[in-house]
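Structure, as structure tokens:
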Amino acid sequence: MEKDMKTQPPSRLETEEITKESFRQNASLNEKILLCEGMFTDLRDDHDIRKLTRARIESMLYASNLKQSEAPINVHIGRQGINQWIWENNVIPEIPTNVLKEYLKQKLTYDAFAFYNEYIMVRELSQKIAAHLKIPVSDILDKHFTDNEVLTYLSSSFATTGRKQNLMAFIVQHANQFLQTTLQDTEKYSLLFTPLKTNKGKPVHPKIEMYMKQLTKEGKSDHTKARVKTHINSLLVWLVDNMKDFAACQSHTVPVLSITEIHLQEFRSYLLKKQRKGEYSLITISECIYAIRSFFLFLKKTFGFPDPAKKIKSIKASRYRFRNLPTKEQVTAFFNVIEVYSENPLMERIAFQFMLTLGLRSMEVSQVSWNDINMEIRTICIHSKGGKHHELPLAGELYRDLKMLRSIPSKSTYLFGDDPKRIVWKFQNNYKLYSHIAGWTFPGGLHLFRHCFVTNLVGQNPPPQVVQVLSRVIKMDTVSLYTHLNQMSNWRSQEVNKLDYSYRGGK
């Protein structure tokens, strides 16, 4: 008998190929994009997800930053120089009167963000006076502040906060020293001030509070929760004001079990009527109906309550909003401002690079710690909404800056401090300062960087799966909300489509 042939074990090369193929079939895309080029075929194909390399991913994310670039040499002035910049570039050329300049001069010792807010408030006052008198801002004179009619108007229409009332009191007391007139009676105009709102909030319905706790568990932001609470509460207020079934209630005591489908249909019709009158936008009433439907679905799942919103139709609205985005030159100007005026240029450069280069949300930036960063394999773990985690590669200037920061001893819990909310608050305030000095006029705040990130990513035409993973969104539809390619041509097309070419009997 012939001896049974023994099965030969696979060679090392065969084993590697089997391993690679197994990885191709079973690993998540998030893992694949972090591997070196050797894991995939040498024939690169940017549109074949199986052949995409980490080098290509890094090129998409970091683009021109992969090579060491010589940063412009700037003199570091620090935060204390921001007030002087605002004084020289904004106050002197824009604020028209001596009394207003004197007010701001006394605030020059304030922190930069506080002084910036004082300047914004004074500018608002100047614009209100100009609009009221129907003159250019540059034509406002000190004597206008001794005009009883102007002071009466400002006392009721402008002095709506404590800071604004303090400004008005200063104006009344100091206008005379520039005009050598009799001191005005401050109390006379103080009586006309709008009563200030107390910080004590209105009672919230217990079921809404429970829903807010659920949204917190789901990782929703404070901004999202506040918006949802407002939408649901608007329904309860409307029911109390318009439905006799709830006339004896207050918004926080409405029995939710008594709310029926008919009530919700009436409220939906009310929202649509407001939208047709131009009082509400379509996206606002769409979000309102969505929030209400989600609220009642939560009550059904939690307490077994019947769902009166089950058959309430949603209101479709395009969530896309046209945005101008900063150019490369404008982004460079922003980071140059950081180099000159930041208290810690290295740390803030890293924070804003996280947002611009990797698309991190501000709260995600605030929660980054050294435990999330692996400097050896150059990756960062991001703690996203809903308790999810994502890994992205590190490269270019961002990686070099992190190496520099790593060498600096720190006892902070996170890279940028100990309290995530305070970290976000600080970056939001500093963003306003730096963008102002850089000459940016883009609406919105820190989230603008995420719009830049997604737009730059999509502009390189990668596979859709890569865009979804790197953007860290659940639905691909969300990507379109952040994409602003060819934005001007798209906007013009939309505006042209709104034109009415119907015949109106003209010659």
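Residue 389 passes every criterion in (1) at pLDDT 95 or above; (2) in contact with a strand residue (DSSP E or B) (Cβ under 7 Å, 6 or more places away or on another chain); (3) surrounded by fewer than 17 Cβ atoms within 10 Å (Cβ to Cβ) apart from (1). Set side by side, the residues 470, 433 differ, and just one is over 30 Å from residue 54 (Cα atoms) and surrounded by 20 or more Cβ atoms within 10 Å (Cβ to Cβ), which is 433.
Residue by residue, here is whether (1) more than 26 Å from residue 223 (Cβ to Cβ); (2) free of Cβ contacts under 8 Å to residues at least 40 places away in the same chain; (3) in a loop (DSSP other than H, G, I, E, B) holds:
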| site | (1), (2), (3) |
| --- | --- |
| 348 | no, no, no |
| 365 | no, no, no |
| 398 | yes, no, no |
| 402 | yes, no, no |
| 422 | no, yes, no |
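Within region 183-205, being at pLDDT 55 or above, hydroxyl-bearing (Ser, Thr, Tyr) and exposed (fewer than 12 other Cβ atoms within 10 Å of the Cβ) holds for no residue. Is there a residue being of a type in the set (Ser, Thr, Tyr), surrounded by 13 or more Cβ atoms within 10 Å (Cβ to Cβ), in the same structural domain as residue 337 (by TED's automatic domain parsing) and modelled with pLDDT under 85 anywhere in region 136-153? No, the conditions are met nowhere in region 136-153. When residue 359 is tested against (1) out of contact with any helix residue (DSSP H, G or I) (no Cβ under 7 Å at 6 or more places or on another chain); (2) outside any helix (DSSP H, G or I); (3) not hydrophobic (A, V, I, L, M, F, W, C), exactly one condition is not met: (1). Quick one: is residue 291 aliphatic (A, V, I, L, M) and surrounded by fewer than 16 Cβ atoms within 10 Å (Cβ to Cβ)? When the stated conditions are applied, residue 291 does not pass them.
A quick yes/no check of all residues on (1) in the same structural domain as residue 212 (by TED's automatic domain parsing); (2) in a loop (DSSP other than H, G, I, E, B); (3) surrounded by fewer than 17 Cβ atoms within 10 Å (Cβ to Cβ); (4) at pLDDT below 95:
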| site | (1), (2), (3), (4) |
| --- | --- |
| 235 | yes, no, no, no |
| 274 | yes, no, yes, yes |
| 296 | yes, no, no, no |
| 312 | no, yes, no, yes |
| 315 | no, yes, no, yes |
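Filtering region 206-221 to residues that are touching a residue at least 60 places away in the same chain (Cβ under 8 Å) and either out of contact with any Gly (no Cβ under 7 Å at 6 or more places or on another chain) or surrounded by fewer than 13 Cβ atoms within 10 Å (Cβ to Cβ) (or both) leaves 207, 208, 210, 211, 214, 218, 220, 221. Within region 84-110, the set of residues being touching a residue at least 12 places away in the same chain (Cβ under 8 Å) and either of a type in the set (Asp, Glu) or at positive phi (or both) comprises 94, 102.
Residue pairs whose Cβ atoms lie under 9 Å apart, separated by 6 or more positions or on different chains, with the first residue in region 373-392 and not assigned by TED's automatic domain parsing to the domain that holds residue 363 and the second at pLDDT 90 or above, do not occur. Counted as qualifying within region 85-163 are the helices (runs of 4 or more DSSP H) with 1 or more residues that are within 18 Å of residue 436 (Cβ to Cβ), namely 98-105, 112-133.
Spot the failing condition for residue 401; the list is (1) surrounded by fewer than 20 Cβ atoms within 10 Å (Cβ to Cβ); (2) touching a Ser or Thr at 6+ places or on another chain (Cβ under 9 Å), and only one is missed. For residue 401, the failing item is (2).
The values are calculated or read from the model by the stated rules, or taken from the named source; none is laboratory data. None of the values given here were measured: they were computed from a predicted structure. Quick reminder, even Gly has a Cβ in these numbers, built from the backbone with ideal geometry, and neighbours come from all protein chains shown.
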